[in-house]
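Here's the structure, in C-alpha cells; my notes come after.
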Amino acid sequence: MSATKYTAPHMMLHWLIAVAVGIQIIFADAMGASFDAKMENIEIGTGWTGGAIFHALLGATIGILMLWRLALRLTTDIPPPPESAGVIQTVSRATHWLFYAILIGMPIVGALAWFIPSETLAEVHDVTGKVLIGLIVLHIAGALYHHFVAGDKAVLRRMLPR
Ligand code: HEM
Ligand code: HEM
C-alpha cells in the first residue's frame, strides 16, 4: 500500500529547511555587500564579515540537510500526487526536483564564487536565487490552490504533523 503521509523526519526537514531558506534569502544582501567589498579590496583582508559568515554557515547547513532529505526521498515511500490535470502534476514534480537541484547546487556555486573569487559564479548564484524565489512563490500558490480552491485538503495535511 502506498504512503498517505510524509514520514516524520521528512516533514521535520521540510519545515526546518523552509524556515532556513526564508532567513537565508531575507539576510542575503549582507553577503552581497561583503562580496562586493571583497572584490574591491581584493588584496587586503579575507572579506569575512559577520553577515558573510552567517550566510556561508546557514547556506552550507541547508545544502547538507537537503542531501539528507534527498536520501530519504529516494529511499522511503511518499504519498502519490493528488488527482489533478497532467500539467499541474508536471509543474509540481518539476518544482520539487528543482528545489533539490538548486538547494544542493547553490551552496557549492556560492562557495566557489566566494573562494575563487569569481564574478561570473556570483552572477550564476544571484540568478539562481531569483529562480528559487519564483519557485517558492509557485510552490506556496500550489499548496494554497490545492487546499482552498481544488478542495483536496489532504495535500497540505500530509506535510503537517497530526
Ligand atoms: C541554499 C543556500 C544559499 C542560498 C539560498 C543563497 C542565496 C543567496 C542570495 C539570494 C544572494 C543574493 C544576495 C544579494 O546580492 O542581494 C546570495 C549572494 C551570495 N552568496 Fe549565497 N546562498 C546560499 C549559500 C551560499 C553559500 C554556502 C555561500 C558560500 C560562501 C554563498 C556565497 C554567496 C556570495 C559570495 C554571494 C554574493 C554574490 C553577489 O553578490 O553577486 N551562498 N546568496
Ligand atoms: C523554501 C521553502 C520551501 C521549500 C524549499 C519546499 C520544498 C518542498 C519539496 C521539495 C517538496 C516535495 C516533497 C519532498 O520531496 O520533500 C515539498 C512538498 C510540499 N510542500 Fe514545500 N517547500 C517550501 C515551503 C512550503 C510552504 C511555505 C508550504 C505551505 C504553504 C509548503 C507546502 C508543501 C506541501 C503541502 C507539500 C506536499 C506536496 C505533495 O505531496 O505533492 N511548502 N516542498
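Glu123 contributes an accessible area of around 110 Å² to the protein surface, as traced by a 1.4 Å probe with all chains present. Cross-link partners of Lys5 among lysines, defined as those whose alpha carbon lies under 26 angstrom from its own and excluding same-chain residues fewer than eight positions apart: Lys153.
Charge dipole (Cα centre; +1 on Lys/Arg Cβ, -1 on Asp/Glu Cβ; no other charges) of the chain amounts to roughly 920 debye. For the peptides 86-97, 57-68, residues were scored by their other Cβ atoms within 10 Å and the scores averaged per peptide; the highest-first order is 57-68, 86-97. Compared with the dominant Cα axis of the chain, that is its longest principal axis, helix 28-40 is turned about 30°.
Where the accessible area of the chain is counted over protein heavy atoms with a 1.4 Å probe, how much of it, in %, is carbon and sulfur? Using a 1.4 Å probe with all protein chains present, the chain comes out at 72 percent carbon and sulfur.
The values are calculated or read from the model by the stated rules, or taken from the named source; none is laboratory data. All of these numbers come straight from a predicted model, not from anything done at the bench. When we count neighbours, we look across all protein chains shown, and the Cβ atoms used for this are built from the backbone with ideal geometry, even at glycine. These accessible areas exclude ligands, DNA and RNA; they are computed on the full protein's heavy atoms, side chains included. Shrake-Rupley method; radii C 1.70, N 1.55, O 1.52, S 1.80 Å.
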